[in-house]
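Asker: Quick one: this structure, given as structure tokens, is what I'll be asking you about.
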Amino acid sequence: MTQISSSSLKQLGNSDLHLTPIGFGAWAIGGGNWDFAWGAQDDSESIRAIHQALDEGINWIDTAAIYGLGHSEEIVGQAVGSSAHKPLIFTKCSMRWDAERKIYRSLKAASVAEELEGSLRRLGVETIDLYQVHWPNPDEEIEEGWAELARQQKAGKIRWIGVSNFNVAQMKRAQVIAPITSLQPPYSMLRPAIEAEILPFCLENDIGVINYSPMVSGLLTGRMSAERVAAMPADDWRRKAVEFNEPRLSRNLRLVEVLREIGLAHGVEPGVVAVAWTLHHPAITAAIVGGRSGEQVKGLAPALHFRLTEEEFARIGAFLAANPV
């Protein structure tokens, strides 16, 4: 196992959790045949990817019950159970599915409690390190769901509670009931909107931020091309995503070449540069980095240490300013 120095770890908000700069994101390893799938995935390869991440020194995994309709949590549980490393495990609630695999949303107290039990069972743990509300909807149920998380935290089944995809007004509503340990928002050089209000609010309120999609769901890894996008499986949700379609796709692939040039000077992949761009912001505690194979994880592991200079950060900013869509 690669040793990560304690100085590289960052405290997550008001918690006692100290995170490596990147964590393993387990969305894609949920596999295919559900509404937000990335296409088919080999489970043994997923387990190898998680083991590689832990061997590289990554100390936390982020998943959700909805990823693969429970399957991602099962794979995370298998991988951690067969590893000597014991990472922190984060998961989420609020997105559910019925017998026909149709997704629905609920933050009713009974639903949250039922989801928690399912996640504990699939992950094979007695306590979840960070349990998050995946999406703030139904909006009118936010208070009920958050109060239930606070109750489960006091009962010892959850160590810390956080939110995902919340705006400032929604976080303020939750704070009335119980403190928020963390926010999980989308954040990347192509999706910087949270810089205006959300990140300053988190800094002011000691709310940790673990951002997802720093590489825009694989787009900024350096391994994407127009041909690869066109050949994506029919059940890959990215086929419909705005950044993977024209007119943005061509601009985004040109941006990747800028990231590639910066990375070449340091011997790192474009995706590592993209992750480092998000970690440049002082409000970001750590970034979620997905991986579908051990090879992918190994290529992105330098994001544990690589940081952009101010000149490199400015170069990326200049490209984005000169190439709006």
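The values are calculated or read from the model by the stated rules, or taken from the named source; none is laboratory data. Just so it is clear, the structure is predicted and the values come from calculations on it, not from any experiment. Cβ coordinates were reconstructed from backbone atoms using ideal geometry, including for glycine residues, and neighbour counts include every protein chain displayed. Heads up: the accessible areas ignore ligands, DNA and RNA and are worked out on the full protein's heavy atoms, side chains in. Shrake-Rupley method; radii C 1.70, N 1.55, O 1.52, S 1.80 Å.
Asker: Which order do the peptides 185-193, 214-222 come out in when sorted by mean C-beta neighbours inside 10 angstrom, highest first?
Answerer: The most tightly packed comes first, giving 214-222, 185-193.
Asker: Taking the Cα centre as origin and putting +1 on Lys and Arg beta-carbons and -1 on Asp and Glu beta-carbons, what dipole magnitude results for segment 29-103, to the nearest 20 debye?
Answerer: Result for segment 29-103 is approximately 220 debye, rounded to the nearest 20.
Asker: If I compute solvent accessible area with a 1.4 Å probe over the protein chains, what percent of it on segment 1-142 is carbon and sulfur?
Answerer: With neighbouring chains kept in place, the figure for segment 1-142 is 48 percent.
Asker: What percent antiparallel are the DSSP beta bridges of the chain, to the nearest 5?
Answerer: 20
Asker: Hey, any idea what % of segment 160-200's accessible area is carbon plus sulfur with a 1.4 Å probe?
Answerer: Looking at segment 160-200 in its full context, I get 59 percent from C and S.
Asker: Calculate the all-directions average of the projected area of segment 190-281's alpha-carbon convex hull, and give it in nm².
Answerer: 7.0
Asker: Given the DSSP H assignment, sum -39500 (n - 2.57) over each helix run of at least 4 residues in the chain and divide by its residue total; what's the result at 222 nm in deg cm²/dmol, nearest 500?
Answerer: Computed mean residue ellipticity for the chain: -11000 deg cm²/dmol.
Asker: Going by average Cβ neighbours within 10 Å, how do the peptides 88-94, 283-289 rank, with the highest at the top?
Answerer: In decreasing order of mean packing, 88-94, 283-289 become 88-94, 283-289.
Asker: Answer with one residue from GLY31, LEU199, ALA241: the one whose Cα lies farthest towards the positive end of the charge dipole of the chain, charges on Cβ with Lys, Arg +1 and Asp, Glu -1.
Answerer: Of the candidates, ALA241 comes out farthest on the positive side.
Asker: Put +1 on the Cβ of every Lys and Arg and -1 on every Asp and Glu Cβ in the chain; which of TYR131, ALA265, PRO185 then has its Cα farthest towards the positive end of the dipole?
Answerer: ALA265
Asker: Pull out a ≥ b ≥ c, the square roots of the eigenvalues of the alpha-carbon gyration tensor of segment 1-153, then state rounded if a/c is under 1.5, prolate if not and a/b is larger than b/c, and oblate in the remaining case.
Answerer: oblate
Asker: Report, to the nearest whole %, how much of the accessible area of segment 227-322 belongs to carbon and sulfur atoms, 1.4 Å probe, protein only.
Answerer: 57
Asker: Please report how far the C-alpha centroid of segment 209-225 lies from that of segment 249-280, rounded to the nearest whole angstrom.
Answerer: Between the Cα centre of segment 209-225 and that of segment 249-280, the gap is 10 Å.
Asker: Let's test this: bin the Cα-Cα distances of segment 177-223 at 5 Å from zero up to the farthest pair and state each bin's percent.
Answerer: With a bin width of 5 Å, the distribution comes to 5, 21, 26, 20, 12, 9, 5, 2, 0.
Asker: Calculated FRET efficiency, SER293 and ARG239, Cβ-Cβ r, R0 22 Å, to nearest 0.05?
Answerer: 0.55
Asker: Using the Kirkwood radius over Cα pairs, work out the Stokes-Einstein diffusion coefficient for the chain at 4 °C and 1.567 mPa s, in µm²/s as a whole number.
Answerer: 65
Asker: How big is the dipole moment of segment 164-242 about its Cα centre under a simple scheme where the beta carbon of each Lys and Arg is +1, that of each Asp and Glu is -1, and everything else is neutral? Debye, nearest 20, please.
Answerer: Roughly 260 debye for segment 164-242.
Asker: Compute, for segment 217-325, the length of the dipole vector about the Cα centre, with Cβ point charges of +1 (Lys, Arg) and -1 (Asp, Glu) only. Units Debye, rounded to 20.
Answerer: For segment 217-325, the charge dipole is close to 220 debye.
Asker: Per residue, how much accessible area does the chain show when a 1.4 Å probe rolls over the protein heavy atoms, in square angstrom?
Answerer: 41
Asker: Just add up the charged neighbours of ALA37: K/R +1, D/E -1, any other residue whose Cβ is under 13 Å from the Cβ of ALA37.
Answerer: Surrounding charge for ALA37 is +2.
Asker: In addition: Structure shown: which of LYS92/LYS298; LYS102/LYS240; LYS86/LYS157 lie over 24 Å apart, alpha-carbon to alpha-carbon?
Answerer: LYS92/LYS298
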